[in-house]
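Enquirer: There's a structure below that I have some questions on.
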Amino acid sequence: MKYFAHKFLTLRAIPVLAVAVFSLGCIKIKQETETARLLKTWDAEQVELMKEINRFARVNSMRAKMDLKFEDNSFAEFGMKESYRNADGEVVVQRPGKILLKVQIPIIHSDVAQMTSDGDTFRVAILQDGGTGKFKKFVKGTNSADYSKLQKSFTLTDPGVDKSAKQGVNAFANLRPQHFTDAMLVRPTDDGNVYTQSSIFQIEQDTSVERKSPVRTVMRGYYLLDEFAKQTDGSLKIARRFWFDRVGGIRLARQQIFDAKGEIESDIIYGQEGNLTGSGNYNNLPLQITVTRPKEKYAMTLKYQSPEAVTIGTAFPDAAFVLQNSWNLEVVDLDQKLRESSALQQINSNSNTSGTRFH
């Protein structure tokens, strides 16, 4: 009797269990959601990545007309940036770190600023300030010096100054020409350094697709090639990081340069590739370069106006990269100001120490 009762209960439980199981078919265990489209990647060995860097490094000198666009990132921590109108630029660069940069007002081609670096020192002439004359300066300093302790002497705060003039001076007064040499003239690899290869995927927006397209968000693969410099104590310190876009081939898309503390000094983005000069010898090189300087809180985009008119390989005299104060502007020696600032801080420190009383 107990056997039949148990069997009866079991048989009655089967339909209930079946209903429960098949009812789950109405419940979505998985939900289909839009996700980033994974783009097909190409493979490459480390030697191929290094070869691509050295292909860029074939450019040893260049003269070009460029469109310049400046962005002030001083308020980036608040999610804000200030973009200024485009300016015309003439750039002459030559290895190892020499540059002449002229910034001009479009159409009339009147110089706003001129700046040079001979690889060790820099000079900047501020030539336009809206007609007030108060902000025309000739600034000079040392490339390797840290002037963060000094106030930005050229930031316009005078409410009587025209807004467009204020933008023009603020945009270019604090630029340093040497920030652009390694961006335009990529340094070759060095057998004395150590290189490591890795990979990374990033979610990005495909700007070639319409904004509302469900396939606009993509996951793009990159190779990272890190360059480490050997230190005297045998340790390694990161010097540069190269990003290679792996979609549709292998393309150098980004270069990050690090300072002695391992902080990013320059973050350089290389845009769409094309051909420079009309010779056919410098193909598949970036037609647009964006240099971001996190410490100085600005970014500058340089775009070739006429890529086919670019001159590559000409040897320029050293004097071309030492700007002369032919305008008789007021000279601002940043090295001298830094020494004066340090001396003043030392005096204040000594004064505070001597005034301390112990009870």
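Enquirer: Mind counting the residues in segment 156-186 that are at pLDDT 90 or above and in a helix (DSSP H, G or I)?
Expert: Residues of segment 156-186 that are at pLDDT 90 or above, as a first pass: 177-186.
Checking which are in a helix (DSSP H, G or I) leaves us with 177-184.
Going through segment 156-186 one residue at a time, the tally reaches 8.
Enquirer: Next up: Please count how many residues of segment 38-65 are part of a helix (DSSP H, G or I) and within 30 Å of residue 101 (Cα to Cα). Break it down into steps so the answer makes sense when it comes.
Expert: Keep residues of segment 38-65 that are part of a helix (DSSP H, G or I), which gives 46-56.
This time we only want the ones that are within 30 Å of residue 101 (Cα to Cα), so: 50-56.
Residues flagged as part of a helix (DSSP H, G or I) and within 30 Å of residue 101 (Cα to Cα) within segment 38-65 amount to 7.
Enquirer: Restricting to strands (runs of 3 or more DSSP E) lying wholly in segment 234-329: which have 2 or more residues that are surrounded by 19 or more Cβ atoms within 10 Å (Cβ to Cβ)? Working first, answer last.
Expert: Details: elements: 236-245, 251-258, 264-270, 273-276, 282-286, 288-293, 298-304.
The strands (runs of 3 or more DSSP E) meeting that bar are 236-245, 251-258, 264-270, 282-286, 288-293, 298-304.
Enquirer: Follow-up. So, of the residues in segment 88-125 that are hydroxyl-bearing (Ser, Thr, Tyr) and in a strand (DSSP E or B), which turns out to be farthest from residue 319 (Cα to Cα)? Lay out the reasoning, then the answer.
Expert: Here is the first cut: in segment 88-125, the ones hydroxyl-bearing (Ser, Thr, Tyr) are 110, 116-117, 121.
After this cut, where a residue has to be in a strand (DSSP E or B) as well, the list is 116-117, 121.
Working: 116: 10, 117: 11, 121: 13 Å.
The selected residue is 121.
Enquirer: Another question, if that's okay. Would you confirm, using the coordinates I've provided, whether residue 189 is at pLDDT 95 or above, out of contact with any strand residue (DSSP E or B) (no Cβ under 6 Å at 6 or more places or on another chain), in a loop (DSSP other than H, G, I, E, B) and at negative phi? Full working, then the answer.
Expert: Working: at pLDDT 95 or above: yes; out of contact with any strand residue (DSSP E or B) (no Cβ under 6 Å at 6 or more places or on another chain): yes; in a loop (DSSP other than H, G, I, E, B): yes; at negative phi: yes.
Yes: the conditions hold for residue 189.
Enquirer: Now a separate question. Given the conditions (1) part of a helix (DSSP H, G or I); (2) among the charged types (D, E, K, R); (3) under 24 Å from residue 46 (Cβ atoms), report the number of the one that residue 220 does not fulfil.
Expert: (1)
Enquirer: Quick check on residue 336: is it modelled with pLDDT of 85 or more and assigned to a helix (DSSP H, G or I)?
Expert: Working: modelled with pLDDT of 85 or more: yes; assigned to a helix (DSSP H, G or I): yes.
Criteria met by residue 336.
The values are calculated or read from the model by the stated rules, or taken from the named source; none is laboratory data. Bear in mind the structure is a predicted one, so any value in this text is a computation, not a measurement. Here Cβ is always computed from backbone atoms with ideal geometry, including for glycine, and neighbour counts include all displayed protein chains.
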